Amino acid sequence: MPYSFPVGERWRRLLPFGLAAGAVVAPLLAPNDYVVGALARICLYALLALGLNVVVGFAGLLDIGYVAFFGIGSYVYAFLASPHFGLHLPFVPAMLIVAAVAAVSGILIGAPTLRLRGDYLAIVTLGFGEITYICLVNLDRPINITGGPNGLIAIDPPSFLGYVIQGNIQYYYLFLLTLGAVLLASLRLRDSRIGWAWQAIREDELAAGAMGVNTTVSKLQAFAIGATFAGFAGGLLASWQRSVFPDNFLFHESINILAMVILGGMGNVFGVILGAAIIVSLPEIFRDLALYRLLAFGGMLMVLMIFRPQGLLPARWPFAAHAPEKPEPAGAPAPRSAADD
Amino acid sequence: MALLEASGLKKSFGGLEAVQGFDFRLEEGEIVSLIGPNGSGKTTIFNLITGMFPASAGRVAFAGRDILGLKPHAITALGVARTFQNQRLFNQMTVLENVLVGHHCRSRAGLVGVTLGLPGARAEKSRVIEESKEMLALFGERLLPRADRLAQSLSYANRRRLEIARALATRPRLLLLDEPAAGMNPTESRELMADILRIRDRGVTVLLIEHDMTVVRGISDRVVALDHGVKIAEGDFATVRRDPHVVEAYLGRRAAHA
């Protein structure tokens, strides 16, 4: 396995099961329903962080308007399962449509940005995020599509064959199940020809093309997958809140999700989940500080980034096996680092 | 039919004529070296053949097919692979993964197959991992034992070898090597020569740019010399070495007439 972990092989195998078991029993141990709700929110944001991780962490495409896909997912679910258009699709087909629409919107925003990288890509995606927000606020006239600033309400809760999900605990398990599926998909994608192509583009786009990677197709796949994960999260949010408002999808949410990815460790799927857990729960933990809550949150993030700039769980552990090789004998030149090229 | 045929190939960057009407034929199974002083247009020719940038004029046919104007990945898919003079490995990926990227155009698994873990996608993945390990094994004990290390951590010579392994993973008929021996010590260069001959014996035609004349002499069937974007000599090593134009290009006019 290319991804080494700084603990024994045995523990490494057991760790995922331990974490999964912990996630399953966590809401049962929670002191009150408020905490269960917070746990559900962690799952939701972990979904978003995993999606953004595909775009930013795997493919190296800096997207700072990512919340747009979260919003699109939420509103599409609301359109399909609320009295607004009188459609009441069952949960599973509705979510499949949500995923499809999100994927297509990912491709549509991805297509014009294919030639852009880094800062320039960030600016265009920022613009896309703002456009989406402004559309959500203003598309109540001339025909009422989004409900404008008042949003959409009375959205159907998820139901499976007549069984209606209710209460934070049940939502939590629904979210956790989705998170598990998305996590598995992320891992499979990372270690596949598609994931290798993404990483190659992140490392050196020109060389990736020369090695036979169709960079256009590959980047659009990254945008589509990232948007699909966000679409899932959006649909779940709409069905949980039973309402959606444009203000759920403001710019600072994009930054929050990006912070989860960077803090947790870009490219490390477990890291970004941890990042989501920290960024969602820190403000809750600091609640006693009242007005100084966000100050403490910001300070904490700064401290973390100063001491672990590569994120809590970096994509590659700076492990002994990755230390530079000794030069070969017979007067070989010293190994050069990437910075020399 | 020649494997690669360039005619009237031109490239100018603003006022600089980097390549001025290059005509060239490469037969299947040859090892041909492209030599010339710095700035004579050798790497530019590689970049034109591989679609890195568009030519100003001319024609390049690979196996009888026009390839100018195709995107780099499409040219690679047709069977042309290359290495880079200034090493462009995927540094934050492992040695094995670097080679796996090279298999991209020879594998098919799609988003659905991968995310659902369908049997076809799984079988293909284990196949390309096996094949990638074979590519690494071409370099004996140099790369294979380091398969799980980051490419960045490799020694200089091993990085050069990995570039070749990665290019071979695309299953090329033609391999373009841009200064493969640069920075290698004599032992490593000798090993490289043996590696290149072995690659040719696997049925890959090799065109290389090289400044190390020991390497050029040791393995080339034919040598093409360039200066200021013009072909000044062509033939076997001994002929090209004695050619007055070549001597002049490297050492100046007086040396050529001495």
Average beta carbon contacts from partner chains per residue of B:138-145, 10 Å cutoff
0
What ³J(HN,Hα) values, in whole Hz, does the Karplus curve 6.51 cos²θ - 1.76 cosθ + 1.60 give for region A:128-144 when θ = phi - 60°, with x put for Gly and Pro?
5, x, 5, 4, 4, 4, 5, 4, 4, 6, 9, 7, 9, 9, x, 9, 7
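What number, rounded to the nearest 500 deg cm²/dmol, is the helix-based mean residue ellipticity at 222 nm of chain A, given -39500 (n - 2.57) per DSSP H run of at least four residues and division by all its residues? If you can, show how the numbers build up before the last one.
Working: 12 runs with 210 residues, N = 341.
Roughly -21000 deg cm²/dmol at 222 nm, from the helical runs in chain A.
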With an 8 Å Cα cut-off and a minimum separation of 6 or more residues, compute the relative contact order for region A:14-318 in percent.
32
In a solvent-free Debye calculation with one equal scatterer on each Cα, what is log10 I(q)/I(0) for chain B at q = 0.14, 0.15, 0.17 Å⁻¹, listed in the order of the q values?
-0.97, -1.10, -1.34
Output field shielding_mean for B:121-134 (other chain Cβ, 10 Å radius) holds 1
Considering only protein heavy atoms and a probe of 1.4 Å, how much of the accessible area of the protein assembly as shown is carbon and sulfur, as a whole percent?
64
Would you mind pulling out the separation of the Cα centroids of region A:287-310 and region B:38-105, in Å?
47
For a quick protection proxy, order the peptides A:114-125, B:155-166 by their average other-Cβ count within 10 Å, most packed first.
B:155-166, A:114-125
Based only on Cα atoms, what mean projected area does the convex hull of region B:47-122 have, in nm²?
7.1
Measuring from label point to label point, each 7 Å out along Cα→Cβ, what is the A:Arg117 to A:Ala154 span in nm?
5.3
Would you be so kind as to list the residues of region A:196-216 that have their accessible area lowered by at least 50 Å² in the full protein complex compared with their chain by itself (1.4 Å probe)?
A:Trp196, A:Glu203, A:Asp204, A:Leu206, A:Ala210, A:Met211, A:Gly212
Within the set of other residues whose C-beta is less than 15 Å from the C-beta of A:Leu174, count the net charge using Lys and Arg as +1 and Asp and Glu as -1.
+1
Against the rule of thumb 2.2 N^0.38 Å, how large the Cα Rg of chain A comes out
1.05
Could you compute how much accessible area chains A and B hide from each other, both sides summed, with a 1.4 Å probe? Nearest 100 Å² is fine.
4300
So with the 1.4 Å probe, I'd like the accessible area per residue for region A:14-318, rounded to whole Å².
42
Would you mind putting B:22-31, B:193-202 in packing order, based on average other-beta-carbon counts within 10 Å, highest first?
B:22-31, B:193-202
Cross-link pairs beyond the 26 Å C-alpha cut-off, checked among A:Lys219/B:Lys125; A:Lys219/B:Lys71; A:Lys219/B:Lys11:
A:Lys219/B:Lys11
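What's the average, rounded to a whole number, of partner chain beta-carbon atoms within 10 Å of each residue's beta-carbon in B:150-161? Provide the component values of the computation, followed by the final result.
Working: counts 9, 2, 8, 7, 4, 10, 9, 6, 4, 4, 0, 0.
Mean shielding by partner chains, rounded to a whole number: 5.
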Just to verify a number: FRET efficiency for B:Arg253 and B:Glu27, C-beta to C-beta distance, R0 = 60 Å, to 0.05?
0.95
Just to be sure I understand the curve: with the Debye formula and one point per C-alpha of the protein assembly as shown, what is log10 I(q)/I(0) at q = 0.12 Å⁻¹?
-1.16
Looking at chain A as a GNM with Cα springs under 10 Å, which of A:Ala222, A:Ala210, A:Ala102 has the largest mean-square fluctuation?
A:Ala210
Once you place label points 7 Å from the Cα toward the Cβ at A:Leu289 and A:Tyr34, how far apart are they in nm?
1.8
Would you grab the residues whose amide H sits under 5 Å from the one on A:Ile64? Only those 5+ places off in sequence or on another chain, please, with H modelled 1.01 Å from N.
A:Thr125, A:Leu126
Excluding A:Phe79 itself, what net charge comes from residues whose Cβ is under 14 Å from its Cβ, given Lys and Arg +1 and Asp and Glu -1?
-2
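Would you mind computing Rg(Cα) / (2.2 N^0.38 Å) for region A:68-221, counting N as its residues?
Details: Rg = 18.8 Å, N = 154, 2.2 N^0.38 = 14.9 Å.
So region A:68-221 has a normalised radius of gyration of 1.26.
The values are calculated or read from the model by the stated rules, or taken from the named source; none is laboratory data. Just so it is clear, the model here is predicted, and its values are computed rather than measured. Cβ coordinates were reconstructed from backbone atoms using ideal geometry, including for glycine residues, and neighbour counts include every protein chain displayed. Heavy atoms of the whole protein, side chains included, go into the accessibility calculation; ligands, DNA and RNA do not. Shrake-Rupley method; radii C 1.70, N 1.55, O 1.52, S 1.80 Å.
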